[in-house]
Amino acid sequence: MTKHTFADNAPSLRNRARTRLLASVAALVLLGGGATVAAAATSTRSAAPKTVALQAGYQLHRFAPLPTGLSKPDDLALLGRDVFVGYQNGVGSMGEPAAGTGQTQSTIVEYGPHGRQLASWTITGKCDGLGADPATHELIATVNEDGNSSLYTIQPSSGDVDHFTYNVDPVSLGGGGTDAVSVQGGTIYVSGSNPAGASAPAVYAVSLDVGSGVATLTSTFTDDAPANGPSGPVTLALTDPDSNGFAPISVAGVGGDFVLVSQADAQLIFVKDLGSATQTLTQLPIGTNTDDITFVTSHKGSLLLTDNATGQIFAISSNHFTPGTVFVDTAGDSGVPGLVGTVNLTTGQITPIASGFTNPHGMLFVQAP
């Protein structure tokens, strides 16, 4: 586990020991309702891919290029005003060496608010989950979502990296590995990915023992948990728990809820009072399988988006976002690939605002200062 500090940092960063022509008018599919809507191209900034079409009112630019020697960016996290990105570098989903390079490590890169590289760290395995705890100012990364999974913490201020093994192999619980990370009230929550059994944990609460290097997993609900469905009670049958997050209070009807994206199942699962005796789950089927989810918290800001295929990080910016809006993206293997859109939390309908990306993965809303 190695930290690299970029040589051209400003002195204040050294003291911390750390290193957008758009496509013409294009038709976008309005998922769920089966209608179509035209998206007009908007103003131009350099470095935007010509394949991407945007709705009016949004601008697209490249937030950061692909760093030399790295590949396949995925999850993003925010600490303060700095953005952290996990580059998977072709490592296999169980930690297998990357084909052609033999690479076995992922790289976490820290960027300033305008996309300047500040620092990087390497961790062993494929980083598929990355989250942040603002209270402790640390990053939490999970590796190897299909098996041989474990967890790392990174302290950007000191550069310290700690590796934690799980107290129990998720495979023994009918699972496979661990994936996306969210933190709420000092508790770390991690998706239980690649389940092999119907009753595998869908989400774990995780507690860390720094002294022993052990991360204890506690199931909060399972892949076959009871839930409220669109037409009444259902029993979930989740096969692909993936991204997750907590909805801000501004999101009507689900403010404060935990949300789990079950990607291949094309569902969002909203959970009130996660991990408590009064916990309730609501299933929302959506138009296609989605990769990540994020929530708008300000009128002015940017949706940051990683493209796992091209290695680029893009920013979709606007001064007219509506706080409380929910955005999702669709990866290259989705039924309707390569788009970013809003989700109607009553109907599950996705309305695209951008299409034409190659393989969108991680997504994060960042407020303008």
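Read the figures in this text as sums done on the coordinates, not as results from a lab. The shown structure was predicted, so the numbers you read here are calculated from the model rather than taken from an experiment. Using ideal geometry, Cβ is built from the backbone for each residue, glycine included, and neighbour counts are taken over all protein chains shown.
Brief remarks follow.
- Placing +1 on the Cβ of every Lys and Arg and -1 on the Cβ of every Asp and Glu, with no other charges, gives the chain a dipole of roughly 1440 debye about its Cα centre.
- Value in Å of the Kirkwood radius, where region 289-369 supplies the Cα pairs that are averaged: 12.5 Å
- Once the Cβ-Cβ distance of Thr187 and Leu66 is raised to the sixth power relative to R0 = 30 Å, the FRET efficiency obtained is 0.30.
- Cα gyration tensor shape for region 158-197, rounded if a/c is under 1.5, else prolate or oblate: prolate
- Selected from Ala225, Phe258, Leu236, residue furthest toward positive end of dipole (region 216-285; charges at beta carbon): Phe258
- Placing R0 at 41 angstrom, the Cβ-Cβ distance between Arg116 and Ala237 gives a FRET efficiency of 0.35 after rounding to 0.05.
- The charge dipole of region 239-295, taken about its Cα centre with unit charges on the Cβ of Lys, Arg, Asp and Glu (plus for the first two, minus for the last two), comes to roughly 220 debye.
- Overall form of region 43-198 per C-alpha gyration tensor (a/c, 1.5; a/b vs b/c): prolate
- About the Cα centre, charge dipole magnitude for region 142-287 (Lys/Arg +1, Asp/Glu -1 at Cβ), debye: 340 debye
- In the chain, the calculated helix contribution to ellipticity at 222 nm averages -500 deg cm²/dmol per residue, counting -39,500 (n - 2.57) for every DSSP H run with n ≥ 4.
- Measure of compaction for the chain (Cα Rg per 2.2 N^0.38 Å): 0.94
- Once backbone amide H atoms are built at 1.01 Å from N, Leu118 has Glu110, Tyr111, Gly112 as its partners under 5 Å, excluding neighbours fewer than 5 places away on the same chain.
- Shape class of region 251-312 from the Cα gyration tensor (axes a ≥ b ≥ c, square roots of the eigenvalues): oblate, since a/c reaches 1.5 or more and a/b does not exceed b/c.
- Pairwise label distance in nanometres, Ser298 with Ser199, each label 7 Å out on the Cα-Cβ vector: 4.7 nm
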